Amino acid sequence: MGRSRFRVLAALGAIFFLLLPTSLWGGPLSFFTAKKPICDVALELVPQRDSRVGASKSSSAGEAEKTLEEHIAEVNGIDYLKTIRDRDLPGYLTAFPALARRLARIARAGGHWIDLGAGLGNAAREFIRDPQAGFAKVTCVTVENPPEWYQEGKEPVKWVTGKKLGEPDFPFEQMEKADVITDFVGAFSYTLKLDHALQQSLSMLKPGGTLDIIMFENTKIKTKHGEISFGEWVKTIPGLDVVHEGSEIQIRVTPGSRIVIPKLRVSSTKLGSPPDRTFEVVYR
């Protein structure tokens, strides 16, 4: 009789566990009432993305003749142009596969997400309005004025506009520290003060936080050893833990490190969206 009762209780416990919102036991958040949670789809894209990155390395010379717009629309099978325009959560989760897990942790802990270049805040709105977002907070940094959906003080979203990342008046010291900062072809792809933008962003991270950047390869850094991409240059800075795959750059500060960003100066620029930029490292 005792064993039967134990089995019944165990079965009921298992059913209760499965019925819990996934954000309570560590699974990916289900932000949308879709047939399949968008975060699950995003996590499944990781091996697909890796295979496409490998395929892109062996691309033919003819493919190099594609325009930037055509290229970025096809990289890793992600429609970057649509995501740049809409800046919505499905696009973000597709471009940043690890973001699903990070937002799940933010939701559980009541953490903070800063979105640089947030546009009209579509991703933030979709995230904080999901019942499983818990007590999470989002700060939108954008050149846009607040949209109609935004009501200051009524939702856990802050709106920062009129200030450019990297400039002296950017209020990075007044911002609450963030668990994750995202920049999807935003401030990092347009600023001419790239070194200051990086220093300010890193100072806004909590210990263990992540700066996640999508930047195309039209930004170059001239070093004494030659010209490299921004992602490869960041990897040379002591104290930073950097993963650079394709257009995505994930940056964390190594615990206990004091980060000193090398000074950069603009070498050349060419109009575009985003612009072509070349910076030079200033050696002392």
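The values are calculated or read from the model by the stated rules, or taken from the named source; none is laboratory data. No experiment lies behind these values; they were computed from the predicted model shown. All Cβ positions, even for glycine, are placed from backbone atoms using ideal geometry, and neighbour counts span all protein chains on display. The accessibility values were calculated without ligands, DNA or RNA, using every heavy atom of the protein model including side chains. Shrake-Rupley method; radii C 1.70, N 1.55, O 1.52, S 1.80 Å.
What the table shows:
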{"quantity": "Ser257/Lys154 FRET efficiency (R0 45 Å; Cβ-Cβ; nearest 0.05)", "calculated": "0.70"}
{"quantity": "Solvent accessible area, Å² - Met215, 1.4 Å probe, full protein context", "calculated": "10 Å²"}
{"quantity": "Largest to smallest accessible area among Tyr190, Tyr150 [probe 1.4 Å]", "calculated": "Tyr190, Tyr150"}
{"quantity": "Region 155-284 - percent relative contact order, Cα under 8 Å, separation 6 or more", "calculated": "22 percent"}
{"quantity": "Per-peptide average of other Cβ atoms within 10 Å, ordering 182-189, 86-93, 131-138 highest first", "calculated": "182-189, 86-93, 131-138"}
{"quantity": "√(5λ) per eigenvalue of the Cα gyration tensor, region 191-249, largest first, Å", "calculated": "19, 13, 12"}
{"quantity": "Counted charge near Val143, where neighbours are those whose Cβ lies closer than 10 Å (Asp, Glu -1; Lys, Arg +1)", "calculated": "+1"}
{"quantity": "Accessible-area order (highest first, 1.4 angstrom probe) of the listed residues Thr254, Thr94", "calculated": "Thr254, Thr94"}
{"quantity": "Amide H within-cut-off set for Phe279, under 5 Å, with H built and near neighbours excluded", "calculated": "Lys220, Ile221, Lys222, Ser267"}
{"quantity": "Between region 236-276 and region 178-217, the Cα center-to-center distance that results, in Å", "calculated": "8 Å"}
{"quantity": "Cα→Cβ-extended label distance, 7 Å offset, between Ser203 and Val281, nm", "calculated": "2.3 nm"}
{"quantity": "Relative contact order of region 84-132, defined on C-alpha pairs under 8 angstrom at six or more residues apart (%)", "calculated": "54 percent"}
{"quantity": "Under the Karplus curve 6.51 cos²θ - 1.76 cosθ + 1.60, θ = phi - 60°, whole-Hz ³J(HN,Hα) for region 273-284, x wherever Gly or Pro sits", "calculated": "9, x, x, 6, 9, 10, 10, 10, 6, 8, 8, 8"}
{"quantity": "Cα gyration tensor shape for region 235-284, rounded if a/c is under 1.5, else prolate or oblate", "calculated": "oblate"}
{"quantity": "Under the Karplus curve 6.51 cos²θ - 1.76 cosθ + 1.60, θ = phi - 60°, whole-Hz ³J(HN,Hα) for region 201-214, x wherever Gly or Pro sits", "calculated": "5, 5, 6, 8, 7, 6, x, x, x, 10, 9, 10, 10, 10"}
{"quantity": "With all protein chains modelled, accessible area of His196 [1.4 Å, Å²]", "calculated": "90 Å²"}
{"quantity": "Out-of-range pairs (alpha-carbon distance over 18 Å; input Lys235/Lys263; Lys82/Lys235; Lys164/Lys206; Lys154/Lys206; Lys193/Lys270)", "calculated": "Lys82/Lys235; Lys164/Lys206; Lys154/Lys206"}
{"quantity": "Added length on full extension, which subtracts the Cα-Cα distance from 0.36 nm per residue, Thr223 to Val243", "calculated": "5.2 nm"}
